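The values are calculated or read from the model by the stated rules, or taken from the named source; none is laboratory data. Source: prediction; values computed, not measured. Side chains are part of the model used for accessible areas, which takes the heavy atoms of the whole protein and leaves out ligands, DNA and RNA. Shrake-Rupley method; radii C 1.70, N 1.55, O 1.52, S 1.80 Å.
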Amino acid sequence: TSGHGQGAALLLPLLLLLLLQLLVQGLAQQLVRLPVRFDDADVPLWADSAADYKDAVGQFRSQAKLVIRAAAKLAPSPVLNSVAAFLQEGLQTAANSNSAATAAAGSEATQTQQQQQALRRQLRQGHMALEAVVILLESVLPSLCDASVVTTAGLGEGLAALLQQLMAQRYREPLLVTLHARGLEAFSKLIPLAPELLVPLLLASFECMAALQLEQSGQLPPPAKVTLQWKEDAMARLAMAKVMLNVAKEAPSAFLPHLEALVARIQQLWDAGQLREGE
């Protein structure tokens, strides 16, 4: 009886860790089904309107974040493993969507209605997958990037590997770029603990912003007729530019040794007309 009691005492923590891991995985699978953009075609029967559905989805995301954040505090290593597996899958889905959008760029006029619908579905899948990844990162990183947790649980290499995977992505579709920026920004709390990742992060941010090429010099005023594509590209570039600003707020001392080189690079891009006002 005593042996059985000791065995049960040892088993309970393991079961709790497994349950927390399954909980995070289950919530991630629900998050990836939620739309990023809302229109009347998305509205399920239980919702009165797209706005009503958007509000319900927003509430679910907020609650899911709280649950995942609590799970990360209780079981940092298992939760990190779950996030790593989901991140790899989500990034692949987003990359496939971006490739499809890039291949189709400029040929909209010659596409059939079926081709356009198939592209919209694939882009929608990429948006949902990448936003689910971002929500997971925003949920767990505040807890996992605590110095004591990183040291105790040995999370340093795993967190760095996640950031490196994210930094390796290059998107051209503007909403994917905007979501990508949110994901990179979520790692800002890791930089004070791993300042060697700052320069690769800055370089990645510059390259991701440059992927959305300017059609004219950044110092020129916007075109007389601003298209939706122009607006979305501008917002995505600005979101990526803000990654540097927000990382600097979290890790100012890490920035100081690189400040002169950073200013020189920004001036170079400005002089070449590759930056807009505010970027």
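Worth a mention:
- log10 of Debye I(q)/I(0), alpha-carbon scatterers only, for the stretch 148-271 at 0.11 Å⁻¹: -0.42
- Accessible surface of the chain [probe 1.4 Å, protein heavy atoms]: carbon and sulfur percent: 58 percent
- Normalised per residue, the volume of the convex hull around the Cα set of the stretch 111-201 (Å³): 88 Å³
- Contact order normalised by residue count of the stretch 178-256, Cα under 8 Å, 6+ apart, percent: 59 percent
- Using only alpha carbons, the stretch 1-141 has a radius of gyration to Kirkwood radius ratio (Rg to Rh) of 1.14.
- Percentage relative contact order, the stretch 119-201, counting C-alpha pairs under 8 Å, at least six apart: 41 percent
- Helix content alone sets the calculated 222 nm mean residue ellipticity of the chain: runs of n ≥ 4 DSSP H residues at -39500 (n - 2.57) each, divided across all residues, give -24500 deg cm²/dmol.
- Multiplying each eigenvalue of the alpha-carbon gyration tensor of the chain by 5 and taking the square root yields semi-axes of 36, 27, 14 Å, largest first, rounded to whole angstroms.
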